[in-house]
Structure formats: C-alpha cells, structure tokens
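See structure below.
The values are calculated or read from the model by the stated rules, or taken from the named source; none is laboratory data. Keep in mind that what you see is a predicted model, and the values were worked out from it rather than measured. Here Cβ is always computed from backbone atoms with ideal geometry, including for glycine, and neighbour counts include all displayed protein chains. With ligands, DNA and RNA removed, areas are computed over all heavy atoms of the protein, side chains included. Shrake-Rupley method; radii C 1.70, N 1.55, O 1.52, S 1.80 Å.
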Amino acid sequence: MPELPEVEVVRRGLERGVVGRVIDGVEVYHPRAVRRHAAGPDDFAAALLGRTVTTASRRGKYLWLGLSPQGAEAAGLEAVGAAAAGAGAAGAGESLLGHLGMSGQLLVVPPDSPDQVHLRVRFRFGDGGRELRFVDQRTFGGLAVVSGADLPASIAHIAPDPLAADFDVEHFVDALRRRRTGLKRALLDQTLISGVGNIYADEALWAARLHYARPTETVSRAEAHRLLEAARTVMTAALAAGGTSFDRLYVSTEGVSGLFERSLEVYGREGEQCSRCAAPIRREAFMNRSSYTCPVCQPRPRRARW
Ligand SMILES: [Zn+2]
C-alpha cells in the first residue's frame, strides 16, 4: 500500500503533468472507482468537463487536484492565477479528491498508449496531450469531486503529515504522550499524524530504537522527538528514491517503480541480520499485518500495549 513518500511522488508527477490543463473528456469504466462521488459516475464526469486543474495537493495519503470554477473554461490560465492568489480561502472552490487505496495508480501517459488491464477512469485534456488514467487492480482506491480547493472538508480531520510545513512538533509530542495505546498503533492513527503506514512505522521505530508495543504514556519527550525525527529522515530518503514499490503495484505517474525497497532496514527482512547489531530481524503479527523489529535494538517493554 502506498504511504506518504509514494503519494508525494505521485503528487509531484500530477503537478508536472496535469496542472494548468483543461479537462475535456472523462470516461468511468468501473463505478466502484467513483463510489465516493455520491451523485454517480455520470455526474462525476459532467462535473469535471471544461474545468482547469489549478493545483496538485496532498495531505497524508490523500491527493487532490484544485479545479477552476465551473463554466470558467475560457478563463483557462487566468483561473490558475486566481486560485494561487486565493490560497488560504479555506472551503472555497472544488477539487478532484483521490485516494490510491491498496493498489491505485494515477498515470500520465500518451493518449495512444494501450489501455491498462485495470483502467478505471480516463481523463482527456483539451490540448490533446497526455491523458490522466486511474488504474486500480483491487479497487480500494477512489475518486470524487468534492467541495474545497485548499483543503477538502471531507479530509480536514486528517492530521498534517511529518513532512508538511505546518506540522506542529510540540503538539504531536504532547498528543502522543496523552494517548493510552501502543506506540505503533499511535503512529498509524491518521488523526494524530498522517501518512505513516506499516512500512515507515517499522522503519522509524527501528531507527529510533523503540519497540512498537511501548505504551505511549511511558514514552519520554526526548524519545517522541527521536521517533518523529526518524520518521522524517526515513520518509525523506524514501521520497528521494522515488518511494518503495514493495508489492509492485505502486508506481509514479510515469509508471516508474520506487527504489527504496532495497534501503529498508527491517520491513520485509525477517531472519536477516540487523545492520546495527547483527541480530536476526523478527516478524510478529500486528493488526492483521506484520511488525518487523530487531529484538536487541528494540527490546520489548515489560508492560506492552498492542
Ligand atoms: Zn539490532
């Protein structure tokens, strides 16, 4: 499943590939891909026709494309400028909101390139150039036209992510230590900190030498800072490598896989030696998935919360 670095790679690709362009054709091939658009596939397509993509934004694992006002297609590039000048007017305007789910891909490809097997939605643009295609094998992802261009109302409850400029470190440290849960469970809670999934939670905990079942109320301020710093470091490195393509389904908008998988220290490395202490990495069941730890660097707490 794509996490923050992978989604940010996609956002950057959308910024390069579709911002400033006018949507002039939308085809929905699978209604499940737009199930969060309550008015249905036809309304979804009609709502997007003639609109200019003004921005490409992300919060946590959600992506959204800001849209010029309806009927402003002739204004074209002026709408882009107006949206930029109006940044901060929360709630105004509309966006095309997307979530990649387990296996979603947003590809920006030449119109004559063959359709992907799991192509769900196609967007054509007025300039006749590259199309935007939403491809999703398992259809857990989805797209919808929603209100709000700067921060869609439907995702306003999602906390800023650790790579965001507005991430409040002291607030995170306080909120984490007030929780009564396990440390990894807290890291995966999108209302506390967003964008951290199973892979980068395990990597950050290993880097910070903290066990995932540490009760959050026993975590010191220094440890919380160390963990956050570790999460930022590992996600920044992953972003630089184009993300992690662990299950082969995540790709950039150009269809390129990320290379960070080879830099993972514990995730997916059961039985391999810890690079710090040579102890074999351990895998344990956790929330229907797995947690990977070094039993020496990350000792299990005497009192654990799962
Ligand atoms: Zn170790």
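Annotations for the structure displayed:
- Candidates A224, A213, filtered to the one that is in contact (Cβ under 8 Å) with a residue 40 or more places away in the chain, closer than 19 Å to R305 by Cα and in a loop (DSSP other than H, G, I, E, B): A213
- Matching residues, segment 186-205, being of a type in the set (F, W, Y) and assigned to a loop (DSSP other than H, G, I, E, B): none
- Residue that is most open to solvent (accessible area, probe 1.4 Å), among those in segment 119-135 that are in a strand (DSSP E or B) and of a type outside the set (A, V, I, L, M, F, W, C): R124
- Residue check for R138: assigned to a loop (DSSP other than H, G, I, E, B), assigned by TED's automatic domain parsing to the domain that holds V34 and among the basic types (K, R): yes
- Where T52 falls short, out of the listed (1) touching a helix residue (DSSP H, G or I) at 6+ places or on another chain (Cβ under 8 Å); (2) modelled with pLDDT under 95; (3) of a type in the set (S, T, N, Q): (2)
- Residues satisfying the stated conditions in segment 196-218, i.e. surrounded by 20 or more Cβ atoms within 10 Å (Cβ to Cβ) and more than 24 Å from E270 (Cα to Cα): T216
- Residues being touching a residue at least 12 places away in the same chain (Cβ under 8 Å), in a loop (DSSP other than H, G, I, E, B) and away from the ligand (no atom under 15 Å from the Cβ) - total across segment 248-306: 17
- Test for H171: is it open to solvent by 60 Å² or more (accessible area, probe 1.4 Å) and under 21 Å from H225 (Cα atoms): yes
- One residue from R303, R283 being open to solvent by 80 Å² or more (accessible area, probe 1.4 Å) and not assigned by TED's automatic domain parsing to the domain that holds K184: R303
- Residue list for segment 231-254, restricted to those being more than 14 Å from the chain's Cα centre (by Cα), hydrophobic (A, V, I, L, M, F, W, C) and under 18 Å from G60 (Cβ atoms): A231, V234
- Residue ID - modelled with the lowest pLDDT, chosen from residues in segment 145-171 that are over 16 Å from the mean Cα position of the chain (by Cα) and not in a loop (DSSP other than H, G, I, E, B): A153
- Residue tally, condition farther than 23 Å from G20 by Cβ and in contact with a Lys or Arg (Cβ under 7 Å, 6 or more places away or on another chain), over segment 102-134: 4
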